[in-house]
Amino acid sequence: MLYARLVMAATILAVCVAGGPGTWAAVVTVASGTEAQHAFDIARPGDEIVLADGQYPDLKIEIAAKGETSAPITLRARSTG
């Protein structure tokens, strides 16, 4: 679990640094409630959080992140159904 968090943080950092100033959006795939919560904790405007396929019957996420009209923070399922 810690490894997955480190990979997620490194991916977000790499996207930000590689894109230069003003490029902050990232697509982050999460596979648990803990990972989803962490992704929202560090989310920035324009980020997209993708919930991996599976069942999450007790998923609870507290969202304090703020997107912008032109760059919302999005949560979506990897696959529908």
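Expected output is a single nm value to one decimal: the length gained when fully extending between residue 66 and residue 52, i.e. 0.36 nm times separation in residues minus the C-alpha distance. What is it? Can you show the working numbers first?
Values: separation 14, 0.36 × 14 = 5.04 nm, distance 2.24 nm.
Contour length minus Cα-Cα distance gives 2.8 nm.
Just to confirm a number: summing +1 for Lys and Arg and -1 for Asp and Glu over residues other than residue 44 whose beta-carbon lies under 12 angstrom from that of residue 44, what do you get? Mind dumping the intermediate values first?
Working: positive: 66; negative: 41, 47, 48, 68.
Result for the neighbourhood of residue 44: -3.
Can you tally the net charge around residue 70? Count Lys and Arg as +1, Asp and Glu as -1, for every other residue whose Cβ sits under 15 Å from the Cβ of residue 70. Don't jump to the answer; show the numbers that get you there.
Values: positive: 44, 66; negative: 47, 48, 68.
For residues surrounding residue 70, the net value is -1.
About the Cα centre of segment 28-70, what is the dipole size in debye to 20, counting +1 per Lys and Arg Cβ and -1 per Asp and Glu Cβ, all else neutral? Please report the intermediate quantities before stating the final value.
Values: 3 positive and 8 negative charges, 20 e Å.
In debye, rounded to 20, segment 28-70 gives about 100.
Spin-label point model (7 Å from Cα, Cβ direction): what's the residue 37 to residue 74 distance in nm?
2.6 nm
Read-outs: derived from the displayed coordinates by stated rules, not from any lab. Predicted model only: the values in this text are computed from it and were never measured. Cβ coordinates were reconstructed from backbone atoms using ideal geometry, including for glycine residues, and neighbour counts include every protein chain displayed.
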